[in-house]
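Trainee: Quick one: this structure, given as C-alpha cells, is what I'll be asking you about.
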Amino acid sequence: MFALNGRTDGYKRADAMRDASGAALVLPRYLRKPFRFAARLFQGNVNIPRYAGTLGMLGFLGVTGIYGMILGGHSQEMLKATASTLGFAIENVKVVGNHETSDIDILGQLDLDGETSLVGLSAEAARQSIAKLPWVESAEVRKIYPGTVLVVLNERKAFAVWQNDKELSLIDAAGDTIAPFRPGRYNSLPLVVGEGAEKRVKGFVDKVAAYPVLAEKVRAYIRVSDRRWDVLLENGVRIMLPENDPMKALAEVERLDKEKHLLSRDIASVDLRLEDRVTVQLTASGMEQRKKFLAERKKTLSRMGKRV
C-alpha cells in the first residue's frame, strides 16, 4: 500500500501512494507530515501522553463554553473578567486640555465600571462619545498599558452671547451654539441679538474693530430683519446703520463724536440709514431740557422785541 524504501520499522516514507494501475500518487508537501503522523499512529508507533484524553476533554469543554458565551452575547463580559484578572483593569483616567469640560462628564461618557479592562475598551468608540460633549471640538483617546486611559481635548472658545427671542446661548466664532448662557465669567462677552446674527457677527465685529474708540463702547450688536446692523453702546445710545456701506456711517459717527462729543450728549439714538442726513433722537430728559431751553429763548426774544 505504501511506497516503502528500506526503513527498519517497515517503511521510510509515506509520501506516495499507488493507484490500481501501479502509478505513484505524490501527496502535496503540506499534507506529507500529517499523513506520516497518521500512519505512525495507525501502526502504534506514537506514544500518547497519559493525560491526553483528560486534557482533550477539558479543552473541548472550554471551547464549547467560549462558543456558547459568544452565541449568548456574553463575550464582552468574559473578556472584561479575563483581562481584569490578568492585570489590565483600568485604574487611571488622565484628562488633558479640559477647561470647561469636567472630569466627571468625561468619565460618564467612557461608561467605566470596576471590571472594564483596557483590552476591551474601544478607543474610537470612546472618542466619538466624548466628542458629543458641548464644549469639545475634538478629542483623542489613547490606551496606555497596563491600566491608563489618556484623553486629550481641544475645546471650543466662546465668542459672544446670542439672544434669540428669549433664549441666551454661548456661541463660537463660527456662530455654532455651545451651551446655554449662565451669568458669570462670560458676562463681558458682546451680546448678539436677532435671528441670523450668530452666523454673521464675527465678520462684522472684525470690521468695527477698525474704530477702536467705538468698539470698546459696544454692548450689543443687533441684526435687524437679517439685512442691516444696529450697534448699542454701553451708555444706551443706539447707532442705526444703513444696509449699504455701514462702515462709512460709523466713520461719520466717530468724526461727530470727536468734534461735537455727540455720543456723550443726552441722546437715545443716532440714525444714519439715510445717506444724506444724520438724525438724532433725544432721551426723555434731553427732550425736557430742550423744551425748557426753547421756552426760555422765546421769552428772551419776546422781551427784546418789546424793547425794540
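Trainee: Within region 218-249, take every residue that is closer than 17 Å to LYS199 by Cβ and of a type in the set (Val, Ile, Thr) and give me the one that is surrounded by the fewest Cβ atoms within 10 Å (Cβ to Cβ).
Mentor: Across region 218-249, the extreme among qualifying residues is VAL224.
Trainee: Does ARG219 qualify as being in a strand (DSSP E or B) and either at pLDDT below 90 or closer than 30 Å to LEU168 by Cβ (or both)?
Mentor: Yes.
Trainee: Give the residues of region 144-187 that are over 30 Å from GLU91 (Cβ atoms), among the β-branched types (Val, Ile, Thr) and either open to solvent by 50 Å² or more (accessible area, probe 1.4 Å) or within 18 Å of the chain's Cα centre (by Cα) (or both), sorted by residue number.
Mentor: ILE171, THR177, ILE178
Trainee: Related question: So, of the residues in region 173-197 that are part of a loop (DSSP other than H, G, I, E, B) and touching a helix residue (DSSP H, G or I) at 6+ places or on another chain (Cβ under 9 Å), which turns out to be nearest to TYR221 (Cα to Cα)?
Mentor: PRO190
Trainee: If ALA83 meets every condition in (1) open to solvent by less than 50 Å² (accessible area, probe 1.4 Å); (2) modelled with pLDDT of 90 or more apart from one, which number is that one?
Mentor: Here ALA83 meets the rest and fails (2).
Trainee: Can you tell me which residues in region 122-143 are surrounded by 15 or more Cβ atoms within 10 Å (Cβ to Cβ) and touching a helix residue (DSSP H, G or I) at 6+ places or on another chain (Cβ under 8 Å)?
Mentor: ALA126, SER129, ILE130, LEU133, VAL136, ALA139, GLU140, VAL141, LYS143 - these are the residues of region 122-143 that are surrounded by 15 or more Cβ atoms within 10 Å (Cβ to Cβ) and touching a helix residue (DSSP H, G or I) at 6+ places or on another chain (Cβ under 8 Å).
Trainee: Taking region 200-230 only, how many residues are farther than 22 Å from ASP165 by Cβ and of a type in the set (Gly, Ala, Ser)?
Mentor: Of the residues in region 200-230, 4 are farther than 22 Å from ASP165 by Cβ and of a type in the set (Gly, Ala, Ser).
The values are calculated or read from the model by the stated rules, or taken from the named source; none is laboratory data. It should be emphasised that the depicted structure is a prediction, and the values quoted were computed from it without experimental measurement. No Cβ is skipped: glycine too gets one built from the backbone with ideal geometry, and neighbour counts run over all protein chains shown. Keep in mind that these areas ignore ligands, DNA and RNA; they rest on the heavy atoms of the full protein, side chains included. Shrake-Rupley method; radii C 1.70, N 1.55, O 1.52, S 1.80 Å.
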